[in-house]
Amino acid sequence: MADQFDVIEAGERGRRRWVGLVVVLALLLIPLVSLLTSRDPEPESAPARPTPAPIGSLTRLNNAPNLLNPHVKAKNGDEVVKVVFPHGVRAEVRYPAELELDELGVRPFQGAYIDGIYRQFVAPYGGEVEITRGGKPIRNYASNVSLWPRQAGSGSYGQVLLFEFGKWRLAMYDRGLGLTFEQRVDLAKNLKGTVTKDGFLVLSAGGRTRLTKPGDVGEGEAIGPQLWFGGGAGEMIALVPTPDCKKWAGMPGVIEGRGRPADSVCRDNVLIAVTGPAAFRREALKSIRVTLK
């Protein structure tokens, strides 16, 4: 019996202690609430804060589109531009003036194999800010090669290696588990880019890296050196040197993957692939002539 009473006694004391604690807290909160409610409200229009300084990396960005507007010449009612493909082959592109290829701008594309693993080197349409977003790189592999985080909405693509060759910015979007650290270091060391006098980018590689050649096909797509005119949300044309391209029924992924009507034609060992309005596609496929030098 004594044990039972001891338990009940302890319970009563615990309840009294709890009630006392509540009373003490209430007494403490009353003056605190009064103090807070007595403060003057903040003014309706607070003084404007100074504009923060621009992000440091943004001040060094090349915010211009990653394009070259080649010099154009008039010839018998058409326009002619001289171009250089990423593998160094020169060509003359002739087209009707209304297509305005020179104003669309041109940029390079090049496929490559690193230890047999296929990767693409693309000139981002919007320049380096398209990759960096004004942030800072994860690391630098060379003075002209930096590593950036995976981009939101990039699907199966992973981190991005960004190369700087003169005014050009070239991005390699890694995939899956990605290249090893050693492969990336080797790639940064051995992928070389030279800018011609007329502004085109010519690439070469060594070490573990082998650049694709005209006519190479991978995963059902043309992966050899290419030149892309236009991009963004507008019209786009891909010129792809392809020996015997009449036997090639495919299309560059950049054209086919845009989710818009696309057509292509093979002429003089060059695949011409086009996306855009129907009238633009018809005129481009009918009229563009590419003469490889």
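Quick notes
Here is a yes/no grid of residues against (1) part of a loop (DSSP other than H, G, I, E, B); (2) at pLDDT 95 or above; (3) of a type in the set (Asp, Glu):
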residue	(1), (2), (3)
Lys82	no, yes, no
Tyr95	no, yes, no
Pro124	yes, no, no
Leu161	no, yes, no
Glu164	no, yes, yes
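- Among the residues examined, Gly276 does not qualify as farther than 18 Å from Ala91 by Cα and either modelled with pLDDT under 90 or outside the structural domain of Val122 (by TED's automatic domain parsing) (or both).
- The set of residues in region 174-197 that are modelled with pLDDT under 95 and either of a type in the set (S, T, N, Q) or surrounded by fewer than 14 Cβ atoms within 10 Å (Cβ to Cβ) (or both) comprises Gly176, Leu177.
- Against the conditions (1) part of a strand (DSSP E or B); (2) more than 22 Å from Val72 (Cα to Cα); (3) not β-branched (Val, Ile, Thr), Ala273 satisfies every one except (2).
- Test result for Glu103, within 24 Å of Gly232 (Cα to Cα), part of a helix (DSSP H, G or I) and in the same structural domain as Gly232 (by TED's automatic domain parsing): yes
The values are calculated or read from the model by the stated rules, or taken from the named source; none is laboratory data. Since this is a predicted model, take the numbers as computed values, not measurements. Neighbour counts are summed over all protein chains in view; Cβ atoms, including those assigned to glycine, are modelled from backbone coordinates with ideal geometry.
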